[in-house]
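One structure is given below, encoded as structure tokens.
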Amino acid sequence: MTRWTSSAAVKAITAVAFVGFASQAMAADVTWDRLLNAQNDDANWMMYHKDFSGHHHSGLNQINTKNVKNLKLAWQHNPSATKRGIQGFPLAVDGIVYY
């Protein structure tokens, strides 16, 4: 069993607090203005449907009809522990995928 010293406990609490504050700072970057203009921001998918138009369309063109056959599985999620299916959707904001 590990015995915590007061110094280790302070470091652990500081680390947890830092992560909490850092995640709030990142989330604060998604402003109402960014959401209103999401249709012009193909680098991010900040809400369901991508933007308020509801078209589920991205203007990104790195993957196209000529190279789609070269795609390979990069990761896979198996929601085997749930009986209700997937209840959320991934969001991508400033290079971070939230799921």
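The values are calculated or read from the model by the stated rules, or taken from the named source; none is laboratory data. As the structure is a prediction and not an experimental result, all values here were calculated from the model. All Cβ positions, even for glycine, are placed from backbone atoms using ideal geometry, and neighbour counts span all protein chains on display.
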Exercise. Would you point out the residue of region 54-80, among those that are within 21 Å of the chain's Cα centre (by Cα) and among the hydrophobic types (A, V, I, L, M, F, W, C), that is nearest to ASN44 (Cα to Cα)?
Key: LEU60
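Kindly check whether there is at least one residue in region 64-85 that is among the charged types (D, E, K, R) and in contact (Cβ under 8 Å) with a residue 40 or more places away in the chain. Before the answer, list the steps.
The first filter runs over region 64-85 and keeps only residues among the charged types (D, E, K, R), leaving 66, 69, 72, 83-84.
Filter once more, so that each one left must be in contact (Cβ under 8 Å) with a residue 40 or more places away in the chain: none.
Among the residues of region 64-85, not one is among the charged types (D, E, K, R) and in contact (Cβ under 8 Å) with a residue 40 or more places away in the chain, which makes the answer no.
Find the residue count for region 45-74, including only residues that are touching a Gly at 6+ places or on another chain (Cβ under 9 Å) and either farther than 19 Å from VAL93 by Cβ or among the polar types (S, T, N, Q) (or both). Can you show your working first?
From region 45-74, those touching a Gly at 6+ places or on another chain (Cβ under 9 Å) are 48; that's our starting set.
The next check asks that each one be either farther than 19 Å from VAL93 by Cβ or among the polar types (S, T, N, Q) (or both); those that pass are none.
Within region 45-74, residues that are touching a Gly at 6+ places or on another chain (Cβ under 9 Å) and either farther than 19 Å from VAL93 by Cβ or among the polar types (S, T, N, Q) (or both) number 0.
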Exercise. Say whether the condition of being at pLDDT 75 or above, outside any loop (DSSP other than H, G, I, E, B) and of a type outside the set (Val, Ile, Thr) is met by at least one residue in region 65-73.
Key: yes
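Filter region 39-80 down to the residues that are touching a Phe, Trp or Tyr at 6+ places or on another chain (Cβ under 8 Å) and under 17 Å from TYR98 (Cα atoms), then identify the one that is surrounded by the most Cβ atoms within 10 Å (Cβ to Cβ). Reasoning before the result, please.
Start the filter on region 39-80 by keeping residues that are touching a Phe, Trp or Tyr at 6+ places or on another chain (Cβ under 8 Å), which leaves 39, 48, 58, 77.
Restricting the remaining residues to those that are under 17 Å from TYR98 (Cα atoms) gives 48, 77.
Details: TYR48: 12, HIS77: 8.
Going through the qualifying residues, I end up with TYR48.
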Quiz item: What residue, among those in region 27-44 that are assigned to a loop (DSSP other than H, G, I, E, B) and within 14 Å of ALA92 (Cα to Cα), is modelled with the lowest pLDDT?
Solution: ASP29
